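Please read the structure below before turning to the comments.
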Amino acid sequence: MGAGSSNYDGSVVSVPSGDEWIDVIEGSVPVEKVVAWVVRPDCGAFVTFCGTVRDHSEGRAGVVSLDYESYPEQVKPRLAAVASATRARWPAVGRLALLHRVGHLEVGEVSVVVSISTPHRAEAFEAARFCIDTVKSSVPIWKRETWNDGSDWALCPQEVVDVAADDA
């Protein structure tokens, strides 16, 4: 895949022309592109959250890698529902990016990015937190952890729930 990143279907990730960037990708998450894209002249704030692979999880020390799997035809509509719910709750949101990586990731690599621009900082922070929390609870992406002594699917602390704009 080289230094760039690609969509789940293998096509190259390109910056969208609209105000939402929702995708499931293989390869590196284009964090720098997201940060440059999210800025709008009418928005004085943006918040970008990146989730990275850490070297441990609950009950498992020495995690060395993760493998994420998903069905894009299920994930993309759920990411879009998170975006809709976010806009319903914070109508001033300018641009919104929700990108999740699939495939093999090493410790320190970015697995998910949420980036939001708004006119003011308070709603940017609140909306970004809402997005990542809602993505974690409502988007079916599975991860297999590999650690020093083995490999297994990560334990899910909660069931996947539906989200709708009127849940906001």
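The values are calculated or read from the model by the stated rules, or taken from the named source; none is laboratory data. Only a predicted model underlies this, so the values are computations on that prediction, with no experimental measurement involved. Neighbour counts are summed over all protein chains in view; Cβ atoms, including those assigned to glycine, are modelled from backbone coordinates with ideal geometry.
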Completion exercise
For the stretch 70-115, the count of residues that are assigned to a strand (DSSP E or B) and either of a type in the set (K, R) or free of Cβ contacts under 8 Å to residues at least 40 places away in the same chain (or both) equals 2
Practice task
Restricting attention to the stretch 34-92, report how many residues are touching a helix residue (DSSP H, G or I) at 6+ places or on another chain (Cβ under 9 Å) and not β-branched (V, I, T).
Solution key: 18
Practice task
Among residues belonging to the stretch 34-65 that are within 16 Å of E109 (Cα to Cα) and charged (D, E, K, R), point out the one that is surrounded by the fewest Cβ atoms within 10 Å (Cβ to Cβ).
Solution key: R54
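State which residue is modelled with the lowest pLDDT when the search covers only the stretch 73-85 and only residues that are surrounded by fewer than 16 Cβ atoms within 10 Å (Cβ to Cβ) and not polar (S, T, N, Q).
Taking the stretch 73-85 first, the residues surrounded by fewer than 16 Cβ atoms within 10 Å (Cβ to Cβ) are 73-74, 77, 80.
Retained after the next criterion (residues that are not polar (S, T, N, Q)): 73, 77, 80.
On the way: E73: 89, P77: 96, A80: 97.
Within the stretch 73-85, the match that is modelled with the lowest pLDDT is E73.
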Completion exercise
Matching residues in the stretch 26-62 (modelled with pLDDT of 95 or more and not in a loop (DSSP other than H, G, I, E, B)) number 16
Practice task
Return the total of residues in the stretch 116-156 being in a strand (DSSP E or B) and either among the hydrophobic types (A, V, I, L, M, F, W, C) or out of contact with any strand residue (DSSP E or B) (no Cβ under 7 Å at 6 or more places or on another chain) (or both).
Solution key: 6
Practice task
Considering only the stretch 90-136, state which residues are among the β-branched types (V, I, T), within 9 Å of the chain's Cα centre (by Cα) and surrounded by 20 or more Cβ atoms within 10 Å (Cβ to Cβ).
Solution key: V112, V113, V114, V135
